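Chemist: Handing you a structure now.
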Amino acid sequence: AERTLVLVKPDGVRRGLVGEVLRRIEAKGYTLVALDLRTADDDLLGAHYAEHEGKPFYAPLVEFMGSGPVAAVVVEGHRAIEGFRSLAGTTDPTTAAPGTIRGDLGRDWGLAVTQNLVHGSDSTESAAREIGLWFPELAPA
Ligand code: ATP
């Protein structure tokens, strides 16, 4: 079955929303196959966000993502990648559709980085890459 990497970002952990995010993933019918709460270092975050290096929000993004623990989760199920992105809603929480994680639980705090509670892999390639970074023990042999 397809796997995706979900992160509950530091804003979500600080606000006590890990359970709510996991509840929505499980209620949708996906399976949690790995779960870990940890504060990511710059090496991991630099690799995770390599595609954004050079963008104006890159440095604040890495700083924010390392500002406290994140809940890293591997989620499994047929079409789990697009399924979780649909649950998460669009990037900007102000306008993300009600019913989604970002739309129901997020808002704009007027900060340099969009704090939008969750991350989900956007393709099979990025899911494999990101699961390998966050959970090397799950990487295919
Ligand atoms: P989605 O793909 O659903 O838009 P994402 O998390 O994959 O969400 P990316 O475009 O990969 O979004 O950006 C990574 C993260 O960087 C975003 O989730 C957000 O936290 C932050 N971000 C993205 N664009 C901006 C921006 N223009 N200004 C500030 N922060 C941003």
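Chemist: Based on the Cβ-Cβ distance of LEU111 and THR91, what FRET efficiency does E = 1/(1 + (r/R0)^6) give at R0 = 22 Å, to the nearest 0.05? Before the final figure, lay out each step's value.
Modeler: Values: r = 14 Å, r/R0 = 0.64.
E between LEU111 and THR91, to the nearest 0.05, is 0.95.
Chemist: Additional query: Remind me, relative contact order of the chain in percent, using alpha carbon pairs under 8 angstrom and six or more residues apart?
Modeler: The value is 35 percent.
Chemist: If the only charges are +1 at each Lys and Arg Cβ and -1 at each Asp and Glu Cβ, what is the size of the charge dipole of the chain around the Cα centre, to the nearest 20 debye? Could you put the intermediate results ahead of the total?
Modeler: Details: 14 positive and 20 negative charges, 102 e Å.
Charge dipole of the chain: 500 debye, to the nearest 20.
Chemist: Compute the FRET efficiency between LEU37 and GLU2 as 1/(1 + (r/R0)^6), taking r as their Cβ-Cβ distance and R0 = 30 Å, and round to the nearest 0.05.
Modeler: Numbers: r = 24 Å, r/R0 = 0.80.
So, using R0 = 30 Å, E works out to roughly 0.80.
Chemist: Three principal axis extents, largest first, for the C-alpha atoms of the chain, in Å?
Modeler: Result, largest extent first: 40, 34, 24 Å.
Chemist: So if each residue of separation counts as 0.36 nm, and I subtract the Cα-Cα distance between LYS28 and ASP122, what length gain in nm does that give?
Modeler: In short, 32.0 nm is gained.
Chemist: Please give the calculated 222 nm ellipticity per residue for the chain, where each DSSP H segment of at least 4 residues contributes -39500 (n - 2.57) and the sum is spread over every residue; nearest 500 deg cm²/dmol?
Modeler: On the way: 7 runs with 56 residues, N = 141.
Only helices count here, giving -10500 deg cm²/dmol.
Chemist: Once you treat every alpha carbon in the stretch 20-59 as an equal point and sum by Debye, what is log10 I(q)/I(0) at q = 0.20, 0.29 Å⁻¹?
Modeler: -0.77, -0.91
Every number here is computed from the coordinates shown, using simple stated rules; none is lab data. Being a predicted model, the structure only gives us computed values, none of them experimental. Using ideal geometry, Cβ is built from the backbone for each residue, glycine included, and neighbour counts are taken over all protein chains shown.
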